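Report on one structure; see the data block that follows.
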Amino acid sequence: MATEAQTPARRRRKRGGDDAAPARKVNYRQLTNPFTPQTVFTQDRIEAIHATALRVLSELGIKVLLPEARKLYAQAGCIVDEDSQMVRIGQEVVEAALASAPRRFTLHGGDPSRDLDMALGTLAFQSGAGAPNCSDLLRGRRAGTLRDVEELTKLVQHFDAIQMLSPGVEPQDIPVHLRHYAFTRMQLSVSDKVPFVFSRGTPQALDAFEMIAEFRGLSEVEFRTQPHCYTIINTNSPRQIDIPMAQGLIDFARYGQPSVVTPFCLMGAMAPVTVAGAVTLSHAEALAGITLTQLARPGAPVCYGAFASNVDMKSGAPAFGTPEQVKASLAAGQLARLVGLPWRNAAGCAANTNDAQAAHETEISAWGALMSGASIVIHAAGWIEGGLTVSYEKFITDMEMVQVMAELCAATPCSDAEIGFDALAEVQPGGHFFGCAHTMERYATAFYEPLVADWTNFGTWTERGSLDANDRALGIWQQILADHKAPACVTGDRLAALDGFIAKRTGEGGAPPAD
């Protein structure tokens with residue numbers, strides 16, 4: 001694994017060619033954010049945003065397209081207008097829902113070492129997700145296929161610093177009524193991390209639930225009582241929840257699986273042009289979705305979500321890595337802490353290729369998510385073109401950033417031995433520490449070794465072909481794919497049973513998505 005210092009870059013740089021050099025041991029699988037969350041608004045202004053969001057829900061309402069969802073709201077005492085499909089949700093209904101939503105829960109992977117604690121203060125990264133296209137230096141930019149999703153999932157599996165699977169790119173070569181079978185099988189056969197399930201109607205969700213439960217050896221009761229997968233619910237800003245998303249909130253709650261309720265608010269487009277206004281709209285929509293999960297099943301696990309940035313007011317195109325995106329992230333973190341729920345934020349990148357702009361935008365927006373105290377940071381690796389494409393090379397170069405952030409979450413030793421008085425005594429004034437005992441005992445494991453960065457001098461770099469970061473990333477992802485091995489939890493019997501289920505359901509016509 002990359003986290004055990006076995007990256008291709010490290011293998012090329014083993015000191016003195018000593019194959020027996022000790023591996024550097026770090027744990028990127030379960031991270032806790034050590035940084036004090038930063039703020040952008042005073043507490044009284046955060047409370048004002050929360051109060052205004054509640055006012056939006058109770059006075060203006062939210063349009064809910066699914067009749068079953070409107071019925072659940074009505075049964076809870078909300079005001080529902082069936083003609084307009086508008087639902088006005090009272091403050092007391094929202095507060096009851098927030099009181100019943102768990103502050104902490106565990107997402108279970110295929111191996112116990114992949115289990116994730118979901119709470120304020122924990123941290124997990126996800127790769128770029130939801131793109132229709134992918135690209136790499138060998139094959140260019142293209143529509144996503146199942147092969148591409150599988151390759152990207154293998155890259156995610158390789159890096160412990162990406163703790164959860166994401167939808168990656170859309171496998172457009174698979175008919176949509178069968179796509180969830182191929183996608184879920186691929187995740188289960190390639191990775192032992194927490195899988196993602198699309199919210200595209202009850203039949204597809206239940207198919208995926210059954211596949212995961214059978215493959216993991218779980219009874220229906222065991223599956224329902226512990227989270228083993230998750231979904232992402234995006235509202236239709238401003239103030240609308242469509243049929244598939246509303247159905248997903250209900251289905252996942254009833255089966256005890258978490259929804260990440262994430263409005264996507266672009267300031268000046270589908271949200272007010274101000275940071276405060278966009279965050280208020282996002283907060284209102286998130287509260288409406290969270291409330292629906294608790295009306296479907298009180299105590300169901302759920303995550304607060306926020307993803308807000310601004311548009312380029314000259315062209316209307318989305319912009320990422322902006323000061324406004326970072327400020328919105330910090331504000332969303334304040335609101336998540338106000339309601340007390342684990343929550344998801346996002347990095348982002350509008351660049352069209354893996355260049356300096358792409359690196360800057362992803363890193364500054366990821367820092368915003370990290371400093372806001374997000375429990376999950378999506379789009380941390382590979383995302384370009386504002387989400388239209390996932391780049392293989394950018395996935396690798398972004399992983400340098402993600403692994404450094406993971407390193408910053410690890411404890412820094414400070415024992416008496418680490419303080420190193422003996423080393424200070426051994427080395428005389430004007431000397432150096434290269435050969436002292438303290439250094440020799442630790443040199444092989446003292447520092448993080450880069451994944452893709454090249455620290456050689458110009459002459460050596462030139463002699464080796466003058467490869468830039470993209471060229472080096474190309475070689476790294478190719479090697480990772482060549483070296484991939486299925487996790488221990490993937491067995492022939494389990495795959496055969498999975499294939500039998502898929503064949504049966506395919507023969508029955510599959511499951512069309514919800515309209």
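The values are calculated or read from the model by the stated rules, or taken from the named source; none is laboratory data. From a predicted model like this one, the values you see are computed outputs, not experimental measurements. All Cβ positions, glycine included, derive from the backbone under ideal geometry; neighbour counts span all protein chains shown. These area figures cover heavy atoms from the full protein model, side chains too; ligands, DNA and RNA do not enter into them. Shrake-Rupley method; radii C 1.70, N 1.55, O 1.52, S 1.80 Å.
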field: Residues of the range 322-345 classified as under 18 Å from G268 (Cβ atoms) and touching a residue at least 12 places away in the same chain (Cβ under 8 Å), total
entry: 9
message: With the requirement that a residue be more than 39 Å from the chain's Cα centre (by Cα) and in a loop (DSSP other than H, G, I, E, B), what does the range 422-448 give you?
response: V427, Q428, P429, G430, G431, H432, F433, F434, G435, C436
message: What's the number of the only condition in (1) over 17 Å from the mean Cα position of the chain (by Cα); (2) modelled with pLDDT of 95 or more; (3) under 30 Å from H158 (Cβ atoms); (4) open to solvent by 10 Å² or more (accessible area, probe 1.4 Å) that L451 fails to meet?
response: (4)
- line: By residue number, the members of the range 300-320 that are open to solvent by 10 Å² or more (accessible area, probe 1.4 Å) and not in a strand (DSSP E or B) are P301, D312, M313, K314, S315, G316, A317, A319
- line: Cβ pairs under 6 Å, 6+ apart or interchain, first in the range 133-144 and touching a residue at least 12 places away in the same chain (Cβ under 8 Å) and closer than 20 Å to R472 by Cβ, second assigned to a loop (DSSP other than H, G, I, E, B) and open to solvent by less than 50 Å² (accessible area, probe 1.4 Å), ordered by first then second residue, are C134/G144
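Out of the range 37-67, which residues are polar (S, T, N, Q) and more than 15 Å from A286 (Cα to Cα)? Can you show your working first?
Within the range 37-67, the first condition is being polar (S, T, N, Q), and the residues that meet it are 38-39, 42-43, 52, 58.
Those that are polar (S, T, N, Q) and more than 15 Å from A286 (Cα to Cα): Q38, T39, T42, Q43.
Please enumerate the residues belonging to the range 251-293 that are of a type in the set (D, E) and more than 16 Å from F307 (Cβ to Cβ).
The first filter runs over the range 251-293 and keeps only residues of a type in the set (D, E), leaving 251, 285.
D251, the sole residue that qualifies.
When residues of the range 301-317 are filtered for being among the hydroxyl-bearing types (S, T, Y) and more than 20 Å from T291 (Cβ to Cβ), how many remain? First the steps, then the outcome.
In the first step, residues of the range 301-317 are kept if they are among the hydroxyl-bearing types (S, T, Y); the result is 304, 309, 315.
So of that shortlist, the ones also more than 20 Å from T291 (Cβ to Cβ) come out as 309, 315.
Going through the range 301-317 one residue at a time, the tally reaches 2.
For the range 23-76, how many residues are aromatic (F, W, Y) and at pLDDT below 95?
Pass one, the range 23-76, residues aromatic (F, W, Y): 28, 35, 41, 73.
Add one more test, that the residue is at pLDDT below 95, and what stays is none.
Looking only at that region, the number is 0.
Out of A482, A488, which single residue is within 30 Å of T184 (Cα to Cα), surrounded by fewer than 16 Cβ atoms within 10 Å (Cβ to Cβ) and without any contact (Cβ under 8 Å) to a residue 24 or more places away in the chain? Before the answer, list the steps.
Working: A488 fails: without any contact (Cβ under 8 Å) to a residue 24 or more places away in the chain.
Step by step, each of A482, A488 is checked, and only A482 is within 30 Å of T184 (Cα to Cα), surrounded by fewer than 16 Cβ atoms within 10 Å (Cβ to Cβ) and without any contact (Cβ under 8 Å) to a residue 24 or more places away in the chain.
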- request: Run down E82, E47 and say which single residue is open to solvent by 50 Å² or more (accessible area, probe 1.4 Å) and farther than 30 Å from P323 by Cβ.
  value: E82
- request: Select from the range 333-346 the residues that are in contact with a Phe, Trp or Tyr (Cβ under 7 Å, 6 or more places away or on another chain) and of a type in the set (A, V, I, L, M) and write down the one among them that is farthest from R142 (Cα to Cα).
  value: V339
- request: Please work out if T456 is assigned to a loop (DSSP other than H, G, I, E, B), under 30 Å from G382 (Cβ atoms) and either over 27 Å from the mean Cα position of the chain (by Cα) or among the β-branched types (V, I, T) (or both).
  value: yes
- request: Would you confirm whether any residue within the range 351-360 is outside any helix (DSSP H, G or I), modelled with pLDDT of 95 or more and on the phi > 0 side of the Ramachandran plot?
  value: no
statement: Those residues of the range 225-279 that are under 26 Å from G321 (Cβ atoms) and aliphatic (A, V, I, L, M) come to a total of 14
